[in-house]
Amino acid sequence: MDGKNSKIWYEAFRRKDSQYDGRIFVGVKSTGIYCRPVCKARMPKEENCTFFTSAAEAEQAGFRPCLSCRPELAPGLAPIDATTNLAYKALRKIEESCSEENSITTIAKSLGCSDRHLRRSFIAEFHITPVQYLQTYRLLLAKNLLMSSKLSILDVAMASGFGSLRRFNALFKETYHLTPSNLRRQSSAIMQSADVITVFADYRPPYEWNKLLAFFAERSIPGIEVIKNNQYWRTVSLETTNKRQVNGWVKMEHISEKDRLKISISISLLSVLPQVLARIRSMFDLYCDPLVVYNNLQAMNKIKPNLCVCGTRLPGCFNVFEMAVRTILGQQVSIKAAQTLITRFTQKLGTPLQTNIEGLTHVFPTPEDILNITEPLENVLGKLGITAMRSKAIKNLAQALTNGEIDLTWSSNPEKEIEKLLELPGIGVWTAKYLVMRAMNWPDAFLDTDYGVKKALEKLSIHEIAQLKAQCSPWGSYATINLWNSLDKE
């Protein structure tokens, strides 16, 4: 990393500034260890510190991860231009597909570029190659699992994307100068049962957990999601790399005193662990830098005090099709009516799942499940009280997602996907923007036509709302969530 800002970064390290957590890592020459800027270990001298943009860069320079602050738990990078920056898209793809072979080639192809161009862009941004980042991510995921779960070392190796136990052990010892077994013995973590995988993920505080949980609770799908005891539970159905369907459940709980989420995952999802973790990070907006967002939205507080609250997160989604169907069924009806419809839909078309957890009874149907229904869908859903127009909208969206005409993954272009969504009958501007906001974590969807937004800004003219929308860019989605949250205070 360029040393011209080293004094700023050292001062941030001295202050234990959480705003820099995950954005810089500190290599300490006297110990050979690298830390997060929030590490509470004894403060090293400035001349002994070297700063890096990623854990991978620190490891390539020969530093080992601190066992106290645990760099593998640091929140991810959250640049403003992440929706258009190739290197950041590749980084997120690597994290999601780290267990796949030839994943760098696959990622380059999915992003519409050559391996060479991806490598050049990645090095320019992060000073390391995609392969080097992939190797470090796998090692840190393994470290997280070793210190937090009861998984066997072989299962840890496979879940982290290593092709063999021998390869994993050799690379782990070469990089960290201790074996996986030695690391596990040093861990003081209290582990859950062998049937549950437990990992942790940190975030940059503040974090409005209660508001985020309330948002999910209001839109939860009975049988699929349960919010209880200040925890979020849900069923999961994902496909492995060899097209095998695996089902299970996940649970998220907030550890506020450590600025951390505790993530519990059923052992049945071990083969898709990187996918699960990537979806959870997006759903709970763990990449967010709340101070950057807040500093750009403070104009809202001139309209009304505390209209914008620092730490407000953008609610993502775990299952794009599930969220889309819930949204379509909720158009122009009350929340209670939408809950009734989505419950009937799930019970009729979902797959029953035995979890032994009260309230988690089904996995949501896939787009392929909908398209495999031989009877006209409007006839099937009509018996559930769902109109023909909405039935057709659901089927058209299922078709578009299945054949790749519409791509609502976060690496796509949100404006282009909105245009495609608007071509589908039954999907209007509000629905298209809302789907892209939540499915793709698009930060700039200011829903100025939304009833709740208009109510929160009822004292503003149309021209003044347009001005506010421009002022809030590129954080319009966060402005929208803040405006919705403000209605709960009244």
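Tabulated data for the structure shown
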{"read-out": "Yes/no for I153 being of a type in the set (A, V, I, L, M, F, W, C), open to solvent by 30 Å² or more (accessible area, probe 1.4 Å) and closer than 24 Å to I197 by Cβ", "value": "yes"}
{"read-out": "Helices (runs of 4 or more DSSP H) contained entirely in the stretch 446-490, each with at least 1 residues that are in contact (Cβ under 8 Å) with a residue 40 or more places away in the chain and over 14 Å from K302 (Cα atoms)", "value": "476-487"}
{"read-out": "Spans of helices (runs of 4 or more DSSP H) in the stretch 123-229 with at least 3 residues under 23 Å from T241 (Cβ atoms)", "value": "130-148, 153-159, 165-176"}
{"read-out": "Some residue of the stretch 333-347 being part of a helix (DSSP H, G or I), aliphatic (A, V, I, L, M) and open to solvent by 60 Å² or more (accessible area, probe 1.4 Å)", "value": "yes"}
{"read-out": "From the options E218, E225, residue that is more than 16 Å from the chain's Cα centre (by Cα), open to solvent by 40 Å² or more (accessible area, probe 1.4 Å) and acidic (D, E)", "value": "E218"}
{"read-out": "Some residue of the stretch 282-297 being within 14 Å of the chain's Cα centre (by Cα) and open to solvent by 60 Å² or more (accessible area, probe 1.4 Å)", "value": "no"}
{"read-out": "Matching residues, the stretch 299-327, being within 19 Å of V453 (Cα to Cα), hydrophobic (A, V, I, L, M, F, W, C) and either open to solvent by less than 10 Å² (accessible area, probe 1.4 Å) or assigned to a loop (DSSP other than H, G, I, E, B) (or both)", "value": "A299, M300, L307, C308, V309, C310, L314"}
{"read-out": "Candidate set from the stretch 102-131 (those that are touching a residue at least 60 places away in the same chain (Cβ under 8 Å) and more than 22 Å from the chain's Cα centre (by Cα)); member that is most open to solvent (accessible area, probe 1.4 Å)", "value": "H127"}
{"read-out": "Every residue from the stretch 419-437 that is in a helix (DSSP H, G or I) and open to solvent by less than 20 Å² (accessible area, probe 1.4 Å)", "value": "L421, T431, A432, Y434, L435, V436, M437"}
{"read-out": "Selection count where residues are modelled with pLDDT under 95 and closer than 18 Å to A201 by Cβ, scope the stretch 35-55", "value": "1"}
{"read-out": "Criterion violated by R234 - all others in (1) touching a residue at least 24 places away in the same chain (Cβ under 8 Å); (2) assigned to a helix (DSSP H, G or I) satisfied", "value": "(2)"}
{"read-out": "Unmet requirement for H463, which otherwise passes all of (1) open to solvent by 50 Å² or more (accessible area, probe 1.4 Å); (2) under 17 Å from V333 (Cα atoms)", "value": "(2)"}
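Quick grid of which residues meet (1) open to solvent by less than 20 Å² (accessible area, probe 1.4 Å); (2) touching a residue at least 12 places away in the same chain (Cβ under 8 Å); (3) not polar (S, T, N, Q):
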position	(1), (2), (3)
D17	no, yes, yes
G22	yes, yes, yes
V26	yes, yes, yes
P37	yes, yes, yes
A41	no, yes, yes
T53	no, yes, no
C66	yes, yes, yes
E72	no, yes, yes
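The values are calculated or read from the model by the stated rules, or taken from the named source; none is laboratory data. Predicted model only: the values in this text are computed from it and were never measured. Backbone-built Cβ (ideal geometry, glycine too); neighbour counts: all protein chains shown. Side chains are part of the model used for accessible areas, which takes the heavy atoms of the whole protein and leaves out ligands, DNA and RNA. Shrake-Rupley method; radii C 1.70, N 1.55, O 1.52, S 1.80 Å.
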